């Protein structure tokens, strides 16, 4: 069965459950890998800095710019170029704003812990950013979506390289997912 057919056969609830399970897996893998790859579990504390200026300049502002750019693209580029097989619509359509907040929060934390906190700090910026783009495999057959996820992935990796602060990347990731989730809900 093709991915698009599988997605269509699943309910929105089943899609969200799969999303939550994948994020739980990412979180668990982050913890396990950090046990093996870090000298001490306390190494995590070096990646979290409550630097409001960094969070605003490197997290919030770039995220809002990315969201505005994507919304402009949605307005001018034919919809079929943004079709991810219906996953995003099933995840966000008909959801309450608090539920979209929760989804974006969980995704931002679990993915940033794994891809920036563990993989990037251990294997480097290019490997982590490339792997992050590839795990969003549903975009691989849509050139525009794939280009966007690659650019965003490398931007998030760069922001972590520049700041060394997971709060920055988590806030960035959260804002992008949350605002685009609300946009998808309303369209």
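The values are calculated or read from the model by the stated rules, or taken from the named source; none is laboratory data. Note that this is a predicted model, so its numbers are computed, not measured. Methodologically, a virtual Cβ is constructed for each residue, glycine included, from the backbone with ideal geometry; neighbour enumeration extends over all protein chains shown.
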Can you name the number of the only condition in (1) under 22 Å from residue 154 (Cα atoms); (2) touching a residue at least 12 places away in the same chain (Cβ under 8 Å) that residue 89 fails?
(1)
Which of the residues belonging to segment 92-114 are more than 15 Å from residue 171 (Cβ to Cβ) and either assigned to a helix (DSSP H, G or I) or under 14 Å from the mean Cα position of the chain (by Cα) (or both)?
92, 97, 98, 99, 100, 102, 103, 114
Given the conditions (1) surrounded by 18 or more Cβ atoms within 10 Å (Cβ to Cβ); (2) modelled with pLDDT under 95; (3) under 28 Å from residue 147 (Cα atoms), report the number of the one that residue 34 does not fulfil.
(3)
Residue 95 being surrounded by 15 or more Cβ atoms within 10 Å (Cβ to Cβ) and either closer than 24 Å to residue 176 by Cβ or at pLDDT below 95 (or both)
yes
Of the conditions (1) part of a helix (DSSP H, G or I); (2) in contact with a helix residue (DSSP H, G or I) (Cβ under 8 Å, 6 or more places away or on another chain); (3) under 20 Å from residue 146 (Cα atoms), residue 24 satisfies every one except a single condition; which number is it?
(3)
Could you please let me know if residue 131 is out of contact with any strand residue (DSSP E or B) (no Cβ under 8 Å at 6 or more places or on another chain), surrounded by fewer than 17 Cβ atoms within 10 Å (Cβ to Cβ), more than 18 Å from residue 67 (Cβ to Cβ) and modelled with pLDDT of 90 or more?
yes
Test: residue in segment 77-91 that is over 14 Å from the mean Cα position of the chain (by Cα) and closer than 17 Å to residue 172 by Cβ
no
Output the residues belonging to segment 61-86 that are free of Cβ contacts under 8 Å to residues at least 40 places away in the same chain and either surrounded by 15 or more Cβ atoms within 10 Å (Cβ to Cβ) or assigned to a helix (DSSP H, G or I) (or both).
61, 65, 68, 69, 72, 75, 76, 79, 80
Which residues, taken from segment 44-60, are closer than 13 Å to residue 159 by Cβ and either in a helix (DSSP H, G or I) or free of Cβ contacts under 8 Å to residues at least 60 places away in the same chain (or both)?
47, 54, 55, 56, 57, 58, 59, 60
Any chance residue 89 is at pLDDT below 95 and touching a helix residue (DSSP H, G or I) at 6+ places or on another chain (Cβ under 8 Å)
yes
Can you find even one residue in segment 99-106 that is within 22 Å of residue 34 (Cβ to Cβ) and in contact (Cβ under 8 Å) with a residue 60 or more places away in the chain?
yes
